[in-house]
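Note sheet for the following structure.
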Amino acid sequence: MTDPNTPSTEGTPQVPPLPPTTPPAPDAPAYGAPPAPTTPPAYTPPAPSYSPPAAAPAYGAPSNEQQTPPNPYGQAPGAAPYGQPYAPVASAPKTLSLIGMIAGIVGIVFFGWFGLASIAAVVLGFMGKKREPAAKGFWLTALITGFVGIGILLIWILLIGIGIIAGMSDSSYSSY
(Lines give C-alpha, C1' and ligand atoms only; values in the text may rest on other atoms or scores of the structure.)
Protein backbone atom coordinates (compact mmCIF):
# COMPACT_ATOMS: atom_id res chain seq x y z
CA MET A 1 0.00 0.00 0.00
CA THR A 2 1.02 3.56 -0.58
CA ASP A 3 0.94 6.39 1.82
CA PRO A 4 -2.02 8.70 1.11
CA ASN A 5 0.01 11.80 2.09
CA THR A 6 2.55 11.41 -0.70
CA PRO A 7 1.70 12.96 -4.03
CA SER A 8 0.81 10.68 -6.86
CA THR A 9 3.30 10.47 -9.75
CA GLU A 10 1.09 8.54 -12.13
CA GLY A 11 1.04 9.89 -15.68
CA THR A 12 4.09 12.14 -15.33
CA PRO A 13 7.35 11.01 -16.82
CA GLN A 14 10.15 10.37 -14.40
CA VAL A 15 13.33 12.38 -15.15
CA PRO A 16 16.43 11.39 -13.31
CA PRO A 17 18.11 14.29 -11.49
CA LEU A 18 21.08 15.86 -13.30
CA PRO A 19 24.41 15.83 -11.59
CA PRO A 20 25.94 19.30 -11.00
CA THR A 21 28.30 20.22 -13.85
CA THR A 22 30.95 22.88 -14.16
CA PRO A 23 32.24 24.15 -17.48
CA PRO A 24 35.49 22.58 -18.55
CA ALA A 25 38.56 24.67 -17.86
CA PRO A 26 40.53 25.75 -20.95
CA ASP A 27 43.83 24.05 -21.45
CA ALA A 28 46.48 26.34 -20.12
CA PRO A 29 49.56 26.57 -22.33
CA ALA A 30 52.87 25.73 -20.81
CA TYR A 31 54.77 28.63 -19.31
CA GLY A 32 56.33 30.68 -22.15
CA ALA A 33 54.69 28.63 -24.91
CA PRO A 34 52.75 30.63 -27.54
CA PRO A 35 49.00 30.00 -27.77
CA ALA A 36 47.83 27.54 -30.35
CA PRO A 37 47.19 29.23 -33.73
CA THR A 38 43.63 29.45 -34.97
CA THR A 39 42.88 29.36 -38.67
CA PRO A 40 40.45 31.97 -40.03
CA PRO A 41 37.65 30.76 -42.28
CA ALA A 42 38.56 30.59 -45.94
CA TYR A 43 37.26 33.41 -48.19
CA THR A 44 34.74 32.41 -50.80
CA PRO A 45 33.87 35.02 -53.40
CA PRO A 46 30.17 35.67 -54.00
CA ALA A 47 28.56 33.95 -56.96
CA PRO A 48 27.84 36.19 -59.98
CA SER A 49 24.24 37.32 -60.23
CA TYR A 50 24.08 36.77 -63.97
CA SER A 51 25.46 34.22 -66.33
CA PRO A 52 27.26 35.17 -69.54
CA PRO A 53 25.79 33.91 -72.82
CA ALA A 54 26.81 30.39 -73.71
CA ALA A 55 27.86 31.11 -77.28
CA ALA A 56 27.85 34.22 -79.41
CA PRO A 57 25.47 34.06 -82.37
CA ALA A 58 26.92 33.94 -85.85
CA TYR A 59 27.58 37.25 -87.57
CA GLY A 60 24.31 38.70 -88.80
CA ALA A 61 22.17 36.10 -87.07
CA PRO A 62 19.41 37.63 -84.97
CA SER A 63 19.58 36.92 -81.29
CA ASN A 64 16.26 36.46 -79.51
CA GLU A 65 17.89 36.29 -76.12
CA GLN A 66 19.93 39.26 -75.05
CA GLN A 67 21.10 39.08 -71.51
CA THR A 68 22.56 42.21 -69.94
CA PRO A 69 24.08 42.25 -66.49
CA PRO A 70 22.12 44.19 -63.87
CA ASN A 71 23.38 47.64 -63.12
CA PRO A 72 24.73 47.83 -59.56
CA TYR A 73 23.80 51.52 -59.33
CA GLY A 74 20.10 51.04 -59.96
CA GLN A 75 19.93 52.57 -63.43
CA ALA A 76 17.00 51.50 -65.56
CA PRO A 77 17.85 49.24 -68.51
CA GLY A 78 18.05 51.11 -71.79
CA ALA A 79 18.63 54.49 -70.12
CA ALA A 80 21.41 56.81 -71.17
CA PRO A 81 24.63 55.86 -69.34
CA TYR A 82 25.28 59.30 -67.81
CA GLY A 83 21.80 60.60 -67.07
CA GLN A 84 19.55 62.54 -69.36
CA PRO A 85 21.02 64.11 -72.49
CA TYR A 86 21.53 67.87 -72.45
CA ALA A 87 18.67 69.86 -73.89
CA PRO A 88 19.32 73.60 -74.11
CA VAL A 89 16.65 75.81 -72.61
CA ALA A 90 15.60 78.93 -74.48
CA SER A 91 16.59 81.98 -72.47
CA ALA A 92 14.12 84.72 -71.74
CA PRO A 93 14.49 87.94 -73.73
CA LYS A 94 16.45 90.60 -71.88
CA THR A 95 16.23 93.44 -74.38
CA LEU A 96 14.52 96.11 -72.26
CA SER A 97 16.75 95.54 -69.28
CA LEU A 98 19.91 95.49 -71.38
CA ILE A 99 19.07 98.73 -73.19
CA GLY A 100 18.13 100.33 -69.85
CA MET A 101 21.46 99.30 -68.34
CA ILE A 102 23.39 100.77 -71.30
CA ALA A 103 21.39 104.01 -71.10
CA GLY A 104 22.09 104.29 -67.38
CA ILE A 105 25.82 103.81 -67.89
CA VAL A 106 25.83 106.46 -70.65
CA GLY A 107 23.98 108.86 -68.31
CA ILE A 108 26.64 108.40 -65.59
CA VAL A 109 29.70 108.46 -67.85
CA PHE A 110 28.73 111.77 -69.41
CA PHE A 111 28.02 113.30 -65.96
CA GLY A 112 24.34 113.85 -66.45
CA TRP A 113 24.64 115.81 -69.67
CA PHE A 114 22.48 113.23 -71.25
CA GLY A 115 19.60 113.51 -68.81
CA LEU A 116 17.29 111.77 -71.23
CA ALA A 117 19.50 108.66 -71.12
CA SER A 118 19.22 108.47 -67.33
CA ILE A 119 15.45 109.00 -67.42
CA ALA A 120 15.18 106.32 -70.13
CA ALA A 121 17.27 103.97 -67.97
CA VAL A 122 14.85 104.34 -65.07
CA VAL A 123 11.80 103.81 -67.29
CA LEU A 124 13.32 100.79 -69.04
CA GLY A 125 14.50 99.41 -65.69
CA PHE A 126 10.97 99.42 -64.28
CA MET A 127 9.57 97.95 -67.50
CA GLY A 128 12.23 95.23 -67.41
CA LYS A 129 11.41 94.46 -63.77
CA LYS A 130 7.80 93.87 -64.72
CA ARG A 131 8.28 91.99 -68.01
CA GLU A 132 11.67 90.29 -67.62
CA PRO A 133 12.06 88.98 -64.06
CA ALA A 134 14.84 86.59 -65.15
CA ALA A 135 17.07 89.55 -66.11
CA LYS A 136 17.31 90.87 -62.55
CA GLY A 137 20.94 91.93 -62.84
CA PHE A 138 20.27 94.03 -65.93
CA TRP A 139 17.14 95.86 -64.77
CA LEU A 140 18.55 96.42 -61.29
CA THR A 141 21.68 97.97 -62.83
CA ALA A 142 19.47 100.09 -65.11
CA LEU A 143 17.51 101.41 -62.13
CA ILE A 144 20.57 102.17 -60.02
CA THR A 145 22.57 103.84 -62.80
CA GLY A 146 19.47 105.73 -63.98
CA PHE A 147 18.78 107.20 -60.55
CA VAL A 148 22.46 108.03 -60.03
CA GLY A 149 22.55 109.74 -63.45
CA ILE A 150 19.43 111.77 -62.59
CA GLY A 151 21.06 112.75 -59.28
CA ILE A 152 24.19 113.90 -61.10
CA LEU A 153 22.05 115.87 -63.58
CA LEU A 154 20.21 117.62 -60.73
CA ILE A 155 23.51 118.52 -59.04
CA TRP A 156 24.82 120.01 -62.32
CA ILE A 157 21.64 122.04 -62.78
CA LEU A 158 21.90 123.30 -59.19
CA LEU A 159 25.59 124.27 -59.57
CA ILE A 160 24.99 126.05 -62.89
CA GLY A 161 21.99 127.93 -61.42
CA ILE A 162 24.01 129.03 -58.39
CA GLY A 163 26.82 130.16 -60.68
CA ILE A 164 24.50 132.24 -62.85
CA ILE A 165 22.81 133.83 -59.87
CA ALA A 166 26.17 134.60 -58.23
CA GLY A 167 27.48 136.15 -61.43
CA MET A 168 24.48 138.43 -61.87
CA SER A 169 24.45 139.76 -58.32
CA ASP A 170 28.18 140.42 -58.05
CA SER A 171 28.64 144.25 -58.01
CA SER A 172 32.39 144.26 -57.58
CA TYR A 173 32.88 144.08 -61.29
CA SER A 174 31.14 147.25 -62.38
CA SER A 175 31.84 149.02 -65.62
CA TYR A 176 33.25 152.60 -65.61
Any idea which residue in segment 111-152 is nearest to Gly100 (Cα to Cα), counting only those that are in a loop (DSSP other than H, G, I, E, B) and of a type in the set (A, V, I, L, M, F, W, C)?
Phe114
For Gly112, work out the one condition from (1) at pLDDT below 85; (2) at negative phi; (3) surrounded by 13 or more Cβ atoms within 10 Å (Cβ to Cβ) it doesn't fulfil.
(2)
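The values are calculated or read from the model by the stated rules, or taken from the named source; none is laboratory data. Keep in mind it's a predicted model, so treat the numbers as computed, not measured. Glycine gets a Cβ as well: all are built from the backbone with ideal geometry, and neighbour counts include every protein chain shown.
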